[in-house]
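What follows is a short report on a single structure.
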C-alpha cells in the first residue's frame, strides 16, 4: 500500500482525506513514477467541489491532481521512458499520491527544479493551446485577463516571444512584474476597458480571459467579434458567443517538450509560490480558494 489524498464526495477542501491505496500498475505505453512533486491547479478545486461534474464525472474515491514529476519505477510495454528516468507529465488517475501513472513522460533536465517540473505541465499546455486556437500573429495586440496568474504569466511570455504586443489586466502590485515580462500592465476592476484603450489606442485584436471575472461582454466589444475572444475560466462563455477552452486534443504537436526546454534554459519563468507536504492538501486548496497564492502551489508526497 502507498499514501494518497482522496475524496469520496463533492464539497469543500475538507473532503480531501489522507488514504492508503494500492499503487497503480502501468498499462501498455504508460510509466509509473515515484512522485517527487505534484502541482495543484484551479481545475483540481473545481473538480473536487463538483462544479465540473458534468465534464469530469467522478468514480469515487478519486485521487485528485493533473500533473506530476518523479522517477520512473515501473514501465508498461512500449513506454516512452525507462526505470530510473526522471520525468514529468500529465497524470492518469491522479497525482496527489506517492505513485502516479504518466502516458507521455517528458525527460526532466537537471536544470529544471522538481517544483517547476510539475508546475509546468497543465498551465503550459493550456497557455500554448489557447494561443494556438486564438492565432495572434507578430505585430498584433493580445489582451490577457488574469495576466499575473499561472496560465496568464506563461501566455504573456509565449506571446511576447513571438512579437505579439501584450496588454494584461492585473492587480496594481503586479504591474511592474508584468512590465518586466515585456507586456503592458493595466489595473483590473471597474474601468479596465477604458484603461486598455488608453494603452492600446489602435485597438485589441484578440483577448484571452484567464480570470473568469465577468469581463467577456466588454472583451467582445473591444475586439468587435466573439470569435476573437477565448476563456478558460468563465462558464458563461456561450452567452457571449465566446469559446470556452477546457482542454482536448486539436491534433497539434505536444508543446510540453519545448516548454521544458525553454524553462530549463531560463527563457520561461514559472513562478512557484509555496510547497506543502502531501497531507496538507486541504490547506493548499484553501489557500488557492482564498487567492493567497502568487504563483504555483506544489505538493511533496
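Would you calculate the separation in nanometres between label points at residue 187 and residue 162, each defined as 7 Å from the Cα along the Cα-to-beta-carbon direction?
The two pseudo-label positions are separated by 3.2 nm.
Over region 125-244, calculate the relative contact order: mean separation of alpha carbon pairs under 8 Å at least 6 apart, over the residue count, as a percent.
It comes to 22 percent, rounded to a whole number.
In whole Å, how far is the Cα centre of region 104-138 from that of region 187-215?
Taking the Cα centre of each part, region 104-138 and region 187-215 sit 25 Å apart.
Compute the Cα gyration tensor for region 178-267, then decide on rounded, prolate or oblate, letting a ≥ b ≥ c be the square roots of its eigenvalues: rounded whenever a/c is under 1.5, prolate when a/b is larger than b/c in the other cases, and oblate in all that remain.
Cα axes put region 178-267 in the oblate bin.
Using R₀ = 35 Å, calculate the FRET efficiency as 1/(1 + (r/R₀)^6) where r is the Cβ-Cβ separation of residue 267 and residue 83; round to 0.05.
For R0 = 35 Å, the calculated efficiency reads 0.65.
Expected output is a single nm value to one decimal: the length gained when fully extending between residue 218 and residue 34, i.e. 0.36 nm times separation in residues minus the C-alpha distance. What is it?
Here the segment from residue 218 to residue 34 would lengthen by 61.6 nm.
How much FRET efficiency would the formula 1/(1 + (r/R0)^6) give for residue 20 and residue 171, where r is the Cβ-Cβ distance and R0 is 41 Å, rounded to 0.05?
0.50
Which of the peptides 110-119, 38-47 is most tightly packed, and how do the rest follow, going by the mean number of other Cβ atoms within 10 Å of each residue?
38-47, 110-119
Give, in nm to one decimal, the length gained when the segment between residue 3 and residue 294 is fully stretched (0.36 nm per residue of separation minus the Cα-Cα distance).
Net length gain for the segment: 102.0 nm.
Once you put a point 7 Å from the Cα of residue 137 and another 7 Å from the Cα of residue 238, both along the Cβ direction, what distance in nm separates them?
3.3
How far is it, in nm, from the label point at residue 202 to the one at residue 227 when both lie 7 Å from their Cα along the line to the Cβ?
2.3
Given a cut-off of under 8 Å on Cα pairs at least six residues apart, what relative contact order in percent is computed for the chain?
18
Mind ordering 186-199, 206-219 by average Cβ neighbours within 10 Å, highest first?
206-219, 186-199
What is the diffusion coefficient of the chain in µm²/s, taking the Kirkwood radius over Cα pairs and the Stokes-Einstein relation at 4 °C with a viscosity of 1.567 mPa s?
66
Kirkwood Rh, region 15-120, all Cα pairs: how many Å?
14.0 Å is the Kirkwood radius here.
Every read-out reported here was derived from the displayed coordinates using simple, explicitly stated rules and does not represent laboratory data. Quantities reported herein were computed from a predicted structural model and do not represent experimental measurements. Cβ sites come from the backbone with ideal geometry, for glycine too, and all protein chains shown count toward neighbours.
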